[in-house]
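Chemist: Right, I'll just put the structure down here and ask away after.
The values are calculated or read from the model by the stated rules, or taken from the named source; none is laboratory data. Worth saying up front: this structure is predicted, and the values here are computed from it rather than measured. Using ideal geometry, Cβ is built from the backbone for each residue, glycine included, and neighbour counts are taken over all protein chains shown. These accessible areas exclude ligands, DNA and RNA; they are computed on the full protein's heavy atoms, side chains included. Shrake-Rupley method; radii C 1.70, N 1.55, O 1.52, S 1.80 Å.
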Amino acid sequence: MKNYIEERAVEIARYIVENNATVRQAAKRFGISKSTVHKDCRDRMNTINPALAEEVGKVLDVNKAERHIRGGLATKEKYLHCK
């Protein structure tokens, strides 16, 4: 694997863990796709830094479990402002 890809993966993983960020937030912050964030954090991190991979996995799992709640709240806000 190329060095810059490994460095990017570690940087993204640290950002997600430190800021409790979502995949979307990380993708926007680094100017890459959500797919690339997933590939870096789920696949590549296991070989680069297993301990960091476990930490970022926990954050991503919590975000995945809560996403339907955030979506519902966003929709509620949207329609409250439309009236």
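Chemist: The list [x] 1.09; [y] 1.43; [z] 1.20 gives values of Rg/Rh (Cα atoms, Kirkwood Rh), and only one came from this structure; which label was calculated from it?
Modeler: [x]
Chemist: Please compute the per residue accessible area over segment 18-83 with all protein chains in place, 1.4 Å probe, rounded to a whole number of Å².
Modeler: Per-residue value: 74 Å².
Chemist: For Glu6 and Glu77, compute 0.36 nm times the residue count separating them, minus their Cα-Cα distance, and round to one decimal in nm.
Modeler: Full-extension gain reported as 21.7 nm.
Chemist: Roughly how many debye, to the nearest 20, is the charge dipole of the chain about its Cα centre, given +1 on each Lys and Arg Cβ, -1 on each Asp and Glu Cβ, and no other charges?
Modeler: Around 560 debye, computed over the chain.
Chemist: Something else: Mean separation of Cα pairs under 8 Å and 6+ residues apart, divided by the residue count of the chain: what relative contact order is that in percent?
Modeler: In percent, rounded to a whole number, it is 29.
Chemist: If you don't mind, there's one more thing I want to ask. Using a Gaussian network model on the chain with a 10 Å cutoff between Cα atoms, which of Leu60, Leu73, Leu52 fluctuates the most?
Modeler: With Cα springs under 10 Å in the chain, the top fluctuation among Leu60, Leu73, Leu52 is at Leu73.
Chemist: In nm, what is the difference between 0.36 nm times the number of residues separating Ala51 and Glu66 and their Cα-Cα distance?
Modeler: 3.1 nm
Chemist: Against the longest principal axis of the chain, how steep is helix 50-82, in degrees 0 to 90 to the nearest 10, with axes from Cα atoms?
Modeler: It is inclined by approximately 20 degrees.
Chemist: Kindly express, to the nearest 10 degrees and within the range 0 to 90, the angle between helix 3-19's C-alpha long axis and the longest C-alpha principal axis of the chain.
Modeler: For 3-19 against the chain, the angle is about 40 degrees.
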